[in-house]
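The structure appears below as structure tokens.
The values are calculated or read from the model by the stated rules, or taken from the named source; none is laboratory data. Please read all numbers here as calculations on a predicted model, not as lab measurements. Using ideal geometry, Cβ is built from the backbone for each residue, glycine included, and neighbour counts are taken over all protein chains shown. We work out accessible area using only protein heavy atoms, side chains counted, and drop any ligands, DNA or RNA first. Shrake-Rupley method; radii C 1.70, N 1.55, O 1.52, S 1.80 Å.
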Amino acid sequence: GKPISFPMKTLSGMASGSIAVCIGTPFDIALVRLQSDSMAPVAERKNYKNVFDALTRTATEEGAGALYKGLMPNILRGMSMNVGMLACYDQAKETVAKLLNDPMIDGPALPTQIGASLVAGFTAAAFSMPFDLIKSRLMAQKADPVTGKLPYGGVADCAVQIAKKEGPIGFFSGFSAYYGRCAPHAMIILLSIESITKGYRNLVGLH
């Protein structure tokens, strides 16, 4: 029935994002380890065979908890990504529809969907990139071979160090490449959702 309010859209996006991240974080850890291992000096490489080898060896050598390193920034990233993509898409859709004079009687027209998804891709990238950067730094960090101390003490410490050493703009280093990764992802998901939703409504007789 009634349109969902923006705060409710935001909460829904945050909840779904955090649940998805809790499920996917071990695989994200494996991805980061595989990528960083290939760039490490030969003597320091662990030579993981594949993603499952990375998961198994990480859990065996460092404990199961190591598969959830960087969980908090990853949850924040997932929440901000979903808010930027899903909640902002619905708001952008309403704005773009007004600009294009789209009545959206039978759902938004394709130009409205494309325009709104482009906006959502940008907001998803802008909202989530700082947390993605922190997450990657925490996941890839290695203890000092002499002191055994890690470079970062946690999410807050990592954020403070980036801000001090690289400035606020450091959180958005490589934004164009990150947007290039997020925008197609957002557009494909959002355009698919519209088609699936429309098909479902027609199937069950909802108008």
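Quick one: pull the percent of accessible area on segment 111-177 belonging to carbon and sulfur, 1.4 Å probe, ligands and nucleic acids left out. Let's see the in-between values first.
Numbers: 2430 of 3480 Å².
Answer for segment 111-177 is 70 percent, counting heavy atoms of protein chains only.
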Among segment 1-41, those whose backbone N falls under 12 Å of a label point 7 Å along Cα→Cβ from ALA59 are 26-27
Cα-based Rg and Dmax for the chain, in Å, come out at 20.3, 67
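Per residue, how many Å² of accessible area does segment 1-91 show with a 1.4 Å probe?
Details: 5060 Å² over 91 residues.
Spelled out: the 1.4 Å probe surface of segment 1-91, per residue, equals 56 Å².
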Quick calc: nm separation of the 7 Å Cα→Cβ label points for PHE52 and ASP37 -> 1.5 nm
Over its alpha-carbon atoms, segment 68-159 yields an Rg and a Dmax in Å of 19.1, 66
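Answer rounded, prolate or oblate for segment 155-207, using the Cα gyration tensor with square roots of eigenvalues a ≥ b ≥ c: rounded when a/c is under 1.5, else prolate when a/b is larger than b/c, else oblate. All intermediate terms of the calculation are to be shown ahead of the outcome.
Details: a/c = 6.89, a/b = 3.14, b/c = 2.20.
Prolate.
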Excluding residues fewer than 8 positions from LYS149 in its own chain, the aspartates and glutamates with Cα under 19 Å of it are GLU44, GLU61, GLU62, ASP157
Residues of segment 117-158 with backbone N under 16 Å of the label point set 7 Å from the Cα of PHE172 along Cα→Cβ are 119-134
Karplus-derived 3J(HN,Hα) from phi for segment 181-187 (6.51 cos²θ - 1.76 cosθ + 1.60, θ = phi - 60°), whole Hz, x at Gly and Pro, runs 7, 7, 4, x, 4, 5, 5
Violations at 22 Å Cα threshold for listed pairs LYS46/LYS142; LYS135/LYS165; LYS98/LYS198; LYS135/LYS164; LYS49/LYS135 -> LYS49/LYS135
Per residue, accessible area of segment 100-205 with a 1.4 Å probe, heavy atoms of protein chains only, in Å², comes to 58 Å²
Taking the alpha-carbon centre of each part, the distance from segment 86-150 to segment 1-58 in Å is 17 Å
Relative contact order in percent for the chain (Cα pairs under 8 Å, 6+ apart) equals 22 percent
Summing -39500 (n - 2.57) over every DSSP H run of at least 4 residues in the chain and dividing by its residue count gives a helix-only mean residue ellipticity at 222 nm, to the nearest 500 deg cm²/dmol, of -24000 deg cm²/dmol
Per its Cα gyration tensor (rounded if a/c is under 1.5, else prolate when a/b beats b/c, else oblate), segment 1-85 is best filed as prolate
